[in-house]
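This report refers to the structure that appears directly beneath it.
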Amino acid sequence: MLNQDQLQELQDIVGPEWANADECIRDAYAVWYNSSSLNPEREVWAPRPAAVVMPKTGGEVAKVTQFCNRHDFMIKSFSTGWIASSAAGSRKTILLDLKRMDRIIDIDAKNQIAVIEPYVRAIDLQTELWKQGLNVHVVSCGSNHSVLASAAAAWGYGLSGASMGYSARNLMGLEWVTPKGEIVKFGSAGEGKGWYCMDGPGPGVRGLIRGFHGTFGSLGTFTKCGVKLYRWDGPEKVEHSGKSPRYFLETPLPKTEFFVLTFPSKQNICDAGYQLGEAECNYADFRLPAFFMSMGFTDDNLTLKKIWETGLFQKVVQFALVVCVHGHSQREFEWKVKALKQITKENNGLRIPLLDPPASLLPLLKPLAKVFDNPLALASKVPLVQEMLDAVPIPKQTRKKMQSSMFQLLLRHVNNVQGCFRPSSCMFTSVGSFDTWDLGFEQSDFIAKIKQPAIDQGAIVADGADLGCGGTFESGHLGYLEGIGLFSSHKEESVQAVQEIVEAGAKGAVDNALGLPLGAFGGPMNELFGPHCGDYHLFIKQIKAALDPNSSCDSWAYSGPSEKAFPDEKKSFAMY
């Protein structure tokens, strides 16, 4: 517990209104999305932080860090605070909420580099970049995320990965407040030569301070970074109409088209994903599971239930890939569309018209779903079937609605997570190793089998079990699918089922060589996967001890329980 003198010391650093230890404030920062997943007891509350501090500059962050080195406290920094990995792991933790550090410091259009602070959200940066013919990789949790966090501190996979890579690879420079409170700049920025190179001559430190999953604020605070930008040949600004949850795109998108590709088998969609990447005709892509595809046709859960029960979507779009083709010139765009059509055909796929049939009519198609086990396999053998689909008339307003939904999903990334929460208000994820596109489907199949008993018991949403979401990266060289599930945090049996699924998924990833899951961080996961991955769990403990000898940074999400934590907080947290 902070005493008044200590609180005053913090307020002297950041200003009286930006350091607070009131119980109501601390309680507000102790409940997070999936907070109950932080401990075996599944309590709603994460540890209540000692205080919440909102610094404005890297210098203020350094001084608060030095404060924790002098006193028996730790810091835990976060930007947008999307999930519980941002929570305090101890009542001795001072949370650094970085939302005041929200400046786009520089956009170097010529060299395609932006320099930003932690609370610059992807949607804000992208809006400014489009005005200059540029774009930035946005991760799949949605455009509300921190670009700096995904590049420097945590994960980094997104729907535009096919053309813009993985966020950690887009890191061009970094300003770091170390656990000792020193301010360090890496690469060319450290030499005052601009933010164009993260690593200098000799051994690099990117793996040390960034790693694979990230350090989640456990090795100090990243206060500035340079990120690589990419070319954008669309409009500088887009106009919308409508209201939540439906927005309509009013601005034409030249040299851009959206496609729904559906395939009769897992092998077909895998092969198509690789070939699209090799041809570099997918600006963005997303494997949209059948359940989420059905959600796109509805605005409420009752209608969703009715059309899902027809069984139609499970048969027609079990292996569907939504793709955005974007050309830098009209000639390039036309070639990419031609290539996409040829690749789809060669892999027995079909391009589904962007129709919007009345949801009330879809149940009438239920008998057809019962007759054909794999209608796509049959359709691919019918001559001219694609030509017949292409000839289906699409009303102007329908096309506008469906194109708008695809635009929001693949280019603006604003409705990605909306769908995950609508059916039950809570979601979990499992597996999700960033490896090959093929391995992604193996993970999805594996976790679907694990989920099915819980679905049969009514403990989680009956989503068809296969809710593997993800896409291809870096021209098909990488890929991933994470096994999403939907549950209720208000039902003990639902929360219990989720914990069992995630634990089984983690152990199964080891036994079946499925790679490191998305949630493979923190003490328990490190101990599980470390012995199978070069004993990395031992190395990160050594790194933590060397860089943070005074335990000034809360480390629960990185190397395990912090040295300064209270005895009852020495348990290891896990998270799904």
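The values are calculated or read from the model by the stated rules, or taken from the named source; none is laboratory data. For clarity, every value in this text was computed on a predicted model and none was experimentally measured. We place every Cβ from the backbone using ideal geometry, glycine too, and count neighbours over all the protein chains shown. Protein only, heavy atoms only, side chains kept; ligands, DNA and RNA dropped before computing areas. Shrake-Rupley method; radii C 1.70, N 1.55, O 1.52, S 1.80 Å.
For region 47-71, filtering for residues that are under 21 Å from residue 152 (Cβ atoms), open to solvent by less than 20 Å² (accessible area, probe 1.4 Å) and either of a type outside the set (Gly, Ala, Ser) or part of a loop (DSSP other than H, G, I, E, B) (or both) leaves 6. For region 235-265, which positions are modelled with pLDDT under 95 and of a type in the set (D, E, K, R)? If the condition is that a residue be modelled with pLDDT under 95 and of a type in the set (D, E, K, R), then 237, 239, 243, 246, 250 are the ones that fit. Quick check: is even one residue across region 13-36 polar (S, T, N, Q), touching a Lys or Arg at 6+ places or on another chain (Cβ under 8 Å), open to solvent by less than 40 Å² (accessible area, probe 1.4 Å) and modelled with pLDDT under 95? There is at least one residue in region 13-36 that is polar (S, T, N, Q), touching a Lys or Arg at 6+ places or on another chain (Cβ under 8 Å), open to solvent by less than 40 Å² (accessible area, probe 1.4 Å) and modelled with pLDDT under 95. Restricted to region 526-561, and to residues there that are of a type in the set (Ser, Thr, Tyr) and either in contact with a helix residue (DSSP H, G or I) (Cβ under 8 Å, 6 or more places away or on another chain) or more than 19 Å from residue 50 (Cα to Cα) (or both), the residue that is most open to solvent (accessible area, probe 1.4 Å) is 536. Would it be correct to say that residue 149 is aliphatic (A, V, I, L, M), modelled with pLDDT of 95 or more and within 17 Å of residue 213 (Cβ to Cβ)? So residue 149 fits the description; yes.
Only one of the listed residues (161, 133, 226) is of a type in the set (Gly, Ala, Ser), under 30 Å from residue 288 (Cβ atoms) and crowded, with 21+ Cβ neighbours inside 10 Å. That residue is 161. Being surrounded by fewer than 17 Cβ atoms within 10 Å (Cβ to Cβ), out of contact with any Pro (no Cβ under 8 Å at 6 or more places or on another chain) and assigned by the TED database to the domain that holds residue 195 is a property that residue 114 lacks. Taking region 346-365 as the region of interest, how many residues are surrounded by 14 or more Cβ atoms within 10 Å (Cβ to Cβ) and part of a loop (DSSP other than H, G, I, E, B)? The total comes to 8. Scanning region 295-304 for any residue that is within 30 Å of residue 116 (Cβ to Cβ), over 22 Å from the mean Cα position of the chain (by Cα) and assigned by the TED database to the domain that holds residue 345 turns up nothing.
Within region 414-462, track down each residue that is at positive phi and either touching a strand residue (DSSP E or B) at 6+ places or on another chain (Cβ under 8 Å) or at pLDDT 95 or above (or both). Across region 414-462, the qualifying residues are 431, 432, 458.
Per-residue answers, yes or no, for (1) closer than 29 Å to residue 133 by Cβ; (2) in contact with a strand residue (DSSP E or B) (Cβ under 6 Å, 6 or more places away or on another chain); (3) at pLDDT below 90:
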| residue | (1), (2), (3) |
| --- | --- |
| 204 | no, no, yes |
| 210 | yes, no, yes |
| 229 | yes, yes, no |
| 280 | yes, no, no |
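Inspection of region 200-208 finds no residue satisfying the criterion of being in a loop (DSSP other than H, G, I, E, B), of a type in the set (D, E, K, R) and surrounded by fewer than 23 Cβ atoms within 10 Å (Cβ to Cβ).
Number of residues in region 234-270 that are of a type in the set (A, V, I, L, M, F, W, C) and out of contact with any strand residue (DSSP E or B) (no Cβ under 8 Å at 6 or more places or on another chain) equals 2. Looking only at region 149-193, residues that are assigned to a loop (DSSP other than H, G, I, E, B) and in contact with a strand residue (DSSP E or B) (Cβ under 8 Å, 6 or more places away or on another chain) come to 9 in all.
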